[in-house]
Amino acid sequence: MSITMVDLSDPMSSAEFAALDTERLSEIAARHQRLAEFLRQEDFSALLLQQPGNFTWFTAGGRNERGGATGTTGSLFVTPEARVIACTNVDTAQFFEFEVANMGFQLKERPWTEPRSTMLTDLCRGRRVASDTGFPGTTDVGMRLLSLRLPLSDYEKTRMREAAKLLTHAVEATARGMVKGRTEAEIAGEVSHRLFKHGVQPERIQVLGDGRGARFRRWNFDESPVQHYCTISAVGRYSGMFVGAARTVSLGEPPAALLKAFEPAALIEATGIYFSQPEWELFEVWNRVHRLYEKTNVEAEWRLADQAEIVEYEFGAVPLMPNSEFRLTAGTPVFWHPSVGPVLMGDTVMVGGNGIEVLTASSEWPVVPVLVKGTRVGVPAILVVNVS
């Protein structure tokens with residue numbers, strides 16, 4: 001079987017040059033150099049990338065998904081000298097005119113009537129190839145690629161800040177407009193609309209109305225109307241990176257049960273945020289958080305739901321666990337979402353060399369100041385909306 005390789009990185013016209021994203025091009029080149037060094041050190045001749053997170057990371061924002069979650073449209077075959085997209089004729093135009101336009105990629109293409117796996121098998125034959133999926137004939141190095149994706153570069157931090165701003169606005173604007181009797185599904189639909197409108201892909205939306213979260217920690221939403229209060233939590237993806245936030249709104253005076261659960265939840269989130277420090281291993285952070293569950297007399301609550309995870313191009317690849325030895329470094333983003341009874345908190349932070357940056361902080365939402373080791377950490381308060 002013969003496969004034609006086409007170089008689509010031809011010299012550009014002056015009009016094309018004006019539109020070239022040189023910052024993104026430099027990012028891709030730096031990532032290619034990083035992978036090339038990895039291949040040389042591990043004695044591989046190439047790396048096959050098929051997972052959407054790795055594809056987006058290497059292309060600095062390009063996507064290889066069809067419809068968000070219904071399969072992939074192309075693969076990356078990276079050697080120390082070349083970066084090649086392998087796809088069918090259906091997807092070539094979108095890749096090279098939109099996803100990676102003028103970014104120095106080459107093409108290996110087959111008709112859509114032939115399985116892409118056949119082409120990938122031919123590419124890998126006779127070579128020592130690593131992959132992120134364990135594709136037949138390759139060595140699976142998927143778990144090791146996280147160390148190449150982290151810490152985030154300045155380019156990536158800027159885009160994650162943009163993502164956090166857009167997602168936080170979508171959640172908070174929806175919460176501020178809450179009215180009694182709206183269904184959880186209607187609220188989720190508004191959040192989705194606000195996210196899609198600004199290019200953020202909704203990955204998870206939770207609308208926990210009237211204490212439902214106390215029973216179902218991973219509840220999404222249904223047609224139930226919200227009568228008294230709810231928490232809106234969303235995880236979105238922007239430029240390939242994940243970010244999450246949650247906010248609680250009360251329609252009128254918050255009930256006593258909500259306020260009682262909110263106090264320990266706020267202390268726990270503030271503690272998690274504060275101790276997300278460079279060079280700390282996750283189990284050390286967990287020990288501090290666990291201690292707060294004990295001190296606030298809600299120790300059983302941590303067993304009911306997960307608490308936090310590293311977020312970047314893959315959501316939840318590294319969860320916060322009592323025995324996790326993953327070491328935080330400056331430039332690592334963490335999504336904190338502890339829960340106590342009906343209260344679900346939620347903020348994304350960036351571990352920094354000079355302190356924690358709360359990416360999802362907002363000047364338009366009330367904040368509860370919590371002192372942790374003498375440092376003020378602001379966590380989102382319950383927003384009270386007056387109803388007639």
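The values are calculated or read from the model by the stated rules, or taken from the named source; none is laboratory data. This one's a predicted model, so the numbers in the text were calculated from it and none came from an experiment. With ideal geometry, Cβ positions are generated from the backbone for all residues, glycine too; neighbour counts draw on all protein chains shown. These area figures cover heavy atoms from the full protein model, side chains too; ligands, DNA and RNA do not enter into them. Shrake-Rupley method; radii C 1.70, N 1.55, O 1.52, S 1.80 Å.
Quick check on segment 174-189. Is at least one of its residues of a type in the set (A, V, I, L, M) and within 18 Å of Ala361 (Cα to Cα)? Checked segment 174-189: at least one residue is of a type in the set (A, V, I, L, M) and within 18 Å of Ala361 (Cα to Cα). Can you find a residue in segment 82-93 that is part of a helix (DSSP H, G or I), more than 24 Å from the chain's Cα centre (by Cα), at pLDDT 95 or above and not polar (S, T, N, Q)? Scanning segment 82-93, I find at least one residue that is part of a helix (DSSP H, G or I), more than 24 Å from the chain's Cα centre (by Cα), at pLDDT 95 or above and not polar (S, T, N, Q), so the answer is yes.
Name the residues in segment 30-63 that are under 16 Å from the mean Cα position of the chain (by Cα) and assigned to a loop (DSSP other than H, G, I, E, B), would you? Hits for segment 30-63 are Gln51, Ala60, Gly61, Gly62, Arg63. None of Thr73, Thr56 is out of contact with any helix residue (DSSP H, G or I) (no Cβ under 7 Å at 6 or more places or on another chain), surrounded by 15 or more Cβ atoms within 10 Å (Cβ to Cβ) and within 30 Å of Val349 (Cα to Cα) except Thr56. Of the residues examined, Asn220 is not one that is in a helix (DSSP H, G or I), at pLDDT 95 or above, surrounded by fewer than 24 Cβ atoms within 10 Å (Cβ to Cβ) and not aromatic (Phe, Trp, Tyr). Among the residues of segment 128-143, write down those that are touching a residue at least 12 places away in the same chain (Cβ under 8 Å), exposed (fewer than 14 other Cβ atoms within 10 Å of the Cβ) and of a type in the set (D, E, K, R). Matches in segment 128-143: none. Of the strands (runs of 3 or more DSSP E) lying entirely inside segment 275-388, those containing at least 3 residues that are out of contact with any Cys (no Cβ under 8 Å at 6 or more places or on another chain) and either basic (Lys, Arg) or over 19 Å from Met241 (Cα atoms) (or both) are 367-372, 375-380, 383-385. Under the condition of being in contact with a helix residue (DSSP H, G or I) (Cβ under 8 Å, 6 or more places away or on another chain) and surrounded by 20 or more Cβ atoms within 10 Å (Cβ to Cβ), the residues counted in segment 85-106 number 7. The set of residues from segment 267-297 being open to solvent by 10 Å² or more (accessible area, probe 1.4 Å), over 25 Å from the mean Cα position of the chain (by Cα) and of a type in the set (Ser, Thr, Tyr) comprises just one member, Thr296. Just so you know, in segment 246-266 the residues that are open to solvent by less than 10 Å² (accessible area, probe 1.4 Å), part of a strand (DSSP E or B) and in contact with a His (Cβ under 9 Å, 6 or more places away or on another chain) include one that is farthest from Gly67 (Cα to Cα), and it is Ser250. Only one of the numbered conditions (1) on the phi < 0 side of the Ramachandran plot; (2) buried (at least 18 other Cβ atoms within 10 Å of the Cβ) is violated by Gly240, and that is (1).
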